[in-house]
Amino acid sequence: MNIKFNRHVEEEAIAAKRSAARIAVVIPTLNECRAVGKVMGGVKQVMDGYDCRVLVVDGHSTDGTDKIARDMGATVIYQRGRGYGDALKTGFFHARKRLDAEVIVMMDADLTYAPHDIPRLVAPVLGDEADLVVGNRFAGMQKGAMPFVNRVGNRVLSLVAKLALGLNVYDTQSGMRAFTSELLERMNLVAVGMPLAMEILAEARSVGARIREVPIIYSPRVGETKLNPIKDGGRILGITVRLMFDVRPLLFFGSIGTILGIVGLLLHYITLPIELMNVVFPFLFMIGGILLFWFGFVIVLIKKARRRK
């Protein structure tokens, strides 16, 4: 499926190529020998003319993935922990501290993401129009690239993120992004698995980063998938709730307070065996709801005061 990209975006990519900013492309790998060579070749071709380094973070592959990447010019390091998020964070740290990268790009090594889309992602960052650019896979989804269950799950997670975190991003689970090294220093990333994608967006929003989305191609992967839709989807929803507590405390506590208030009102109209319970329980629930509203409001004020400092 071909995409007719906006001409302005193409012009941005051409202009950005003249930039002297150092770019690091971080690629986590685990037994990707069938595709990593093609990914490396594509990155080298499209990034010709940029000051670009390719950093492969290998999870101790047993099929020679690391050797292929190294032979093709990548800097290869090995993660100490486990998980997709841990590999990315390891790569981010190395790119910032060891490679002195000003812009960091993340993508996978299974050919789902096309290397030729990298200039479109880095252009708004190099042009100082965005701090974080997310590739929208749904704009260029090729046939068979994403199972129906995964597609529905991604839509649901993006909707939850919009309602709970205020993220106006269509594809919150995209694994192809570009962002400034400076933004990375301002974010507090703790997730070690797939939820890192959501955490990056929430943290970026919480520090006032400029977030932008651009269309990208998404193709069927080469090799076996390591994603468990149900297990990873549950983890992402769980971390979304935690992030809601951090990013939008008033909404978080207000929602719980509203539920408690409604329960209190319902209890008031339910006939209970003991008259005292008919009075005390509704009162306690409604007071608890009001207190939670105020607690969320106080946290918002504290966060605003800290930002001013």
Legend entry - Under the Karplus curve 6.51 cos²θ - 1.76 cosθ + 1.60, θ = phi - 60°, whole-Hz ³J(HN,Hα) for segment 65-75, x wherever Gly or Pro sits: 4, 5, 5, 4, 5, 5, 5, 9, x, 7, 7
Legend entry - Shape category assigned to segment 14-112 from the gyration tensor of Cα positions, a/c cut at 1.5: oblate
Inset, instruction - Using the heavy atoms of the protein chains and a 1.4 angstrom probe, tell me the accessible area per residue for segment 16-154 in square angstrom. - result: 42
Inset, instruction - When a/c is below 1.5 the answer is rounded, else prolate if a/b is larger than b/c, else oblate, so apply that to segment 111-189 with a ≥ b ≥ c taken from the square roots of the Cα gyration tensor eigenvalues. - result: oblate
Inset, instruction - Pull up all non-local amide H partners of Ser61: gap of 5 or more, or a different chain, and H-to-H distance under 5 Å with H placed in the peptide plane. - result: Asn31, Asp66
Legend entry - Residues with amide H under 5 Å from that of Ile27, placed H, sequence gap 5 or more: Leu55, Val56, Val57
Inset, instruction - Decide, for segment 59-152, between rounded, prolate and oblate: order the square roots of the alpha carbon gyration tensor eigenvalues as a ≥ b ≥ c, take rounded if a/c falls under 1.5, and otherwise choose prolate if a/b is larger than b/c, else oblate. - result: oblate
Inset, instruction - Pull up all non-local amide H partners of Met141: gap of 5 or more, or a different chain, and H-to-H distance under 5 Å with H placed in the peptide plane. - result: Tyr218
Inset, instruction - Quick one: divide the alpha-carbon radius of gyration of segment 65-104 by 2.2 N^0.38 Å and tell me what you get. - result: 1.22
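The values are calculated or read from the model by the stated rules, or taken from the named source; none is laboratory data. As the structure is a prediction and not an experimental result, all values here were calculated from the model. Note: accessible area is taken over every heavy atom of the protein model, side chains too, but ligands, DNA and RNA are not part of it. Shrake-Rupley method; radii C 1.70, N 1.55, O 1.52, S 1.80 Å.
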